[in-house]
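**Q** What follows is a structure written as C-alpha cells; I'll ask about it next.
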Amino acid sequence: MTLAKRPTRLRITKRRAKFAAVALLFCAIAVLVLLQTQVSEAAALKSTSSICFECHKEAKSMTAKSRLHSPVKKGECTACHNPHASRHSLLLGDETVRLCYRCHEQKKGFEGEVVHEPVEDGDCLACHDPHSADRGALLKKSWSATCYTCHKKDELAKGENQHPNFRDGKCYVCHQPHASNRDGLLVRDRKSICTNCHKPNSAVLKKVHYGYDIAGSDCLDCHTPHSSDNKGLVSDNLHKPFADNECESCHTRGTNRVASNGIELCTSCHDTTLDSFNKIYNHLAVGNDENFCVSCHTPHASDEPALIKGKQGRVCFVCHVNTKEYVEKSKFVHNDDISNCAQCHVAHGSNEEYFLSSGDETCSTEQCHPEQGAFTHPVGPTVIDPRSKVAMNCATCHNPMGSPEEFILYFDREMELCVQCHKMMK
C-alpha cells in the first residue's frame, strides 16, 4: 500500500513546486514593476527644463517673472506635462483641476457651502497663471482686476462714495476667493465682518448713530458694502422714518428695542399691505415669529426695491433651500437665472398655486413665452394628463426651476418624454 501511494505524493510535490515557481515569478515581476514605477516617478520629477527649453524657447521667459510656480522653479516640466503623448491639450498629464489638486489639497480652502464659480467649474486658470506671474498667488491680473473680470466694476462702483478696501481693490479683506460657508463668500458672518474694523462701542460710531446701541446689529441692514451716493455708505432706498431721523417712531428712545414686536408696528403705517396677504396661498407668519415683515424686508435702508434685505434669490433661498440646491445641480436653468423670483411669483400671496402671478398662463402672460399654445403641444382645461387626470399646462412637461434635460424638460425629448403619456399599444 505504501508503494501504491508514492506516485500520488510525487505528483502533489511537483504541483506544489510549479505553483511556488509561478508565485515567485509573479512576485519578481511585481517588484520589478514597483521599482520601475518608482524610478519613472523619480525621473519625472527631475529638472527637465533645459531639455524642454531647447525647443520651447519662448517658455524660458516665464522664469524671469518674480513669482514662479514651484514646479517651474525646480524645472520640473513633467510634473504637469507628459513629454510624449496625452489625451489632454498641451500634453497635460491630467485635467487641469486634478493636476492642481495633486498639490493644493481640495479640502483646505476649496470646499464650503458656497463655492466660487470658477472653483466649482474646475477653472483654476481663470484667475491664476500655471507657470509664473509678477503678483502673489500667481494671479494673472491684480486682485481687483481679476475680480472685475466677472463682477462688473460699473455696477459695484456706481456710487460717489466708496468703501476704502473696495476703492483700493482689496476684495480679499471681506471675501474669500475660493470657498466659504457664508453667503457672498464672506470671510466672517454679516454681523462681525464690519466690526472687525469698525468697533461698535467707539465714540464716533455712537455719535453718528444718535446714541443708539448698535452692538450685535447687522450693519448691512442700513449700509451698502461697496459704494453709495449717500454719506456713510448708507443704502440708496431709505425707510421714511429712517430718512427723516424719526427713530422713535419704531424704537424706544436711546435703545435698539422696538416699540412693538408684532406686525402692527409695520401695519400702523402700511395699513393696506395685509390685503395682499389675504389669498389662498400666502407668506403669512413666515420666518420671524413676532413680525414676519422683517424676514424679507429691512426696516432701515436697502439697495433693493421695497427695502428687500438683498437680491431676491438670496432672500427667497433662505427658506427655499431645497430649490436652491436643486437648481445648483441642474444643467439647464430657467432663463439661465432664477434669482428674479418675482418675475413669475407674487411675493406676499396669490390665489394661484405656487404663488404664480397668473396661474397656468404665467408663462405666456409675462411676455417671456408669448407663443405658448400657438404651435406647441395642446394645453389647457380640455387637455387632460392621463397620469394625474388634471389639465395639462407648461409644468406638465417642463420643470420651471431647472433640469438635467434641455429645455428644462422632465425627460429626454426624443422619446422618453412622450411615452410618459403616449404608451405603446400592442
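The values are calculated or read from the model by the stated rules, or taken from the named source; none is laboratory data. This structure is a prediction, so every number in the text was calculated from the model and none was measured. Cβ: placed from backbone, ideal geometry, glycine included. Neighbour counts: every protein chain shown.
**Q** Which ones in segment 312-329 are of a type outside the set (D, E, K, R) and surrounded by fewer than 18 Cβ atoms within 10 Å (Cβ to Cβ)? It would help to see each step written out before you state the result.
**A** So in segment 312-329, the residues of a type outside the set (D, E, K, R) come out as 312-313, 315-323, 326-327.
Those that are of a type outside the set (D, E, K, R) and surrounded by fewer than 18 Cβ atoms within 10 Å (Cβ to Cβ): Gly313, Val318, Cys319, His320, Val321, Asn322, Thr323, Tyr326.
**Q** Can you pull out every residue in segment 330-339 that is loosely packed, with under 14 Cβ neighbours inside 10 Å and without any contact (Cβ under 8 Å) to a residue 60 or more places away in the chain? First the steps, then the outcome.
**A** Residues of segment 330-339 that are loosely packed, with under 14 Cβ neighbours inside 10 Å, as a first pass: 331, 335-337.
Scanning segment 330-339 gives Asn335, Asp336, Asp337.
**Q** Report, by residue number, each residue of segment 145-176 that is surrounded by 17 or more Cβ atoms within 10 Å (Cβ to Cβ) and of a type in the set (Gly, Ala, Ser).
**A** Gly159
**Q** So His226 fits all but one of (1) out of contact with any helix residue (DSSP H, G or I) (no Cβ under 6 Å at 6 or more places or on another chain); (2) at pLDDT 85 or above; what number is the exception?
**A** So His226 meets the others, but not (1).
**Q** Go through segment 47-73 and count every residue that is part of a helix (DSSP H, G or I) and either charged (D, E, K, R) or surrounded by 16 or more Cβ atoms within 10 Å (Cβ to Cβ) (or both).
**A** Residues of segment 47-73 that are part of a helix (DSSP H, G or I), as a first pass: 49-52, 57-64, 70-73.
Then drop every residue that is not either charged (D, E, K, R) or surrounded by 16 or more Cβ atoms within 10 Å (Cβ to Cβ) (or both), which leaves 49, 52, 57-58, 60, 62, 71-73.
The total comes to 9.
**Q** Related question: Could you please find all residues in segment 76-97 being in a helix (DSSP H, G or I) and free of Cβ contacts under 8 Å to residues at least 24 places away in the same chain? So that I can check it myself, show each step before the final result.
**A** At the first step, the residues of segment 76-97 found to be in a helix (DSSP H, G or I) are 77-79, 89-91, 96-97.
Within segment 76-97, Ser89, Leu90, Leu91 meet the criteria.
**Q** Ok, one more. For segment 231-289, what are the residues that are under 17 Å from His348 (Cα atoms) and of a type in the set (D, E, K, R)?
**A** Glu264, Asp271, Asp275, Lys279, Asp289
**Q** Would segment 57-75 turn up any residue that is among the polar types (S, T, N, Q), within 24 Å of His178 (Cα to Cα), in contact with an Asp or Glu (Cβ under 7 Å, 6 or more places away or on another chain) and in contact (Cβ under 8 Å) with a residue 12 or more places away in the chain? Break it down stepwise before answering.
**A** Filtering segment 57-75 for residues among the polar types (S, T, N, Q) gives 61, 63, 66, 70.
Keeping just the survivors that are within 24 Å of His178 (Cα to Cα) gives 66, 70.
Now restrict to residues that are in contact with an Asp or Glu (Cβ under 7 Å, 6 or more places away or on another chain): 66.
Pick out the ones that are also in contact (Cβ under 8 Å) with a residue 12 or more places away in the chain and you get 66.
Scanning segment 57-75, I find at least one residue that is among the polar types (S, T, N, Q), within 24 Å of His178 (Cα to Cα), in contact with an Asp or Glu (Cβ under 7 Å, 6 or more places away or on another chain) and in contact (Cβ under 8 Å) with a residue 12 or more places away in the chain, so the answer is yes.
**Q** Another question, if that's okay. Taking only segment 264-297 into account, find how many residues are farther than 22 Å from Cys341 by Cβ and not polar (S, T, N, Q).
**A** Initially, segment 264-297 is screened for residues farther than 22 Å from Cys341 by Cβ, giving 264-265, 267-269, 271-272, 289-290.
From the residues that got through so far, the ones that are not polar (S, T, N, Q) too are 264-265, 269, 271, 289-290.
Number satisfying all stated conditions: 6.
**Q** Moving to a separate point now. Of the residues Ala306, Ala342, Ala301, which is over 28 Å from Tyr410 (Cβ atoms), among the small types (Gly, Ala, Ser) and surrounded by fewer than 16 Cβ atoms within 10 Å (Cβ to Cβ)? It would help to see each step written out before you state the result.
**A** Numbers: Ala342 fails: over 28 Å from Tyr410 (Cβ atoms); Ala301 fails: surrounded by fewer than 16 Cβ atoms within 10 Å (Cβ to Cβ).
Matching residue, one of Ala306, Ala342, Ala301: Ala306.
**Q** Restricting to segment 74-98, give me the number of residues that are loosely packed, with under 14 Cβ neighbours inside 10 Å and among the charged types (D, E, K, R).
**A** Step one: filter segment 74-98 for residues loosely packed, with under 14 Cβ neighbours inside 10 Å, giving 83-87, 89-90, 95, 98.
Keeping just the survivors that are among the charged types (D, E, K, R) gives 87, 95, 98.
Matching residues across segment 74-98 total 3.
**Q** A follow-up question, please. Can you tell me which residue within segment 396-420, out of those that are assigned to a helix (DSSP H, G or I) and without any contact (Cβ under 8 Å) to a residue 12 or more places away in the chain, is surrounded by the fewest Cβ atoms within 10 Å (Cβ to Cβ)? Break it down stepwise before answering.
**A** Residues of segment 396-420 assigned to a helix (DSSP H, G or I): 396-397, 406-408, 418-420.
From what is left, the residues that are without any contact (Cβ under 8 Å) to a residue 12 or more places away in the chain are 418-419.
Numbers: Cys418: 14, Val419: 10.
By that ranking, first place goes to Val419.
**Q** Can you confirm whether segment 356-379 contains a residue that is modelled with pLDDT of 90 or more, under 22 Å from Ser330 (Cβ atoms) and assigned by TED's automatic domain parsing to the domain that holds His334?
**A** Yes, that holds for at least one residue.
Table: residues versus (1) within 30 Å of Cys171 (Cα to Cα); (2) surrounded by fewer than 18 Cβ atoms within 10 Å (Cβ to Cβ); (3) out of contact with any helix residue (DSSP H, G or I) (no Cβ under 8 Å at 6 or more places or on another chain).
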site	(1), (2), (3)
Ser202	yes, yes, yes
Cys250	no, no, no
Cys266	no, no, no
Asp275	no, yes, yes
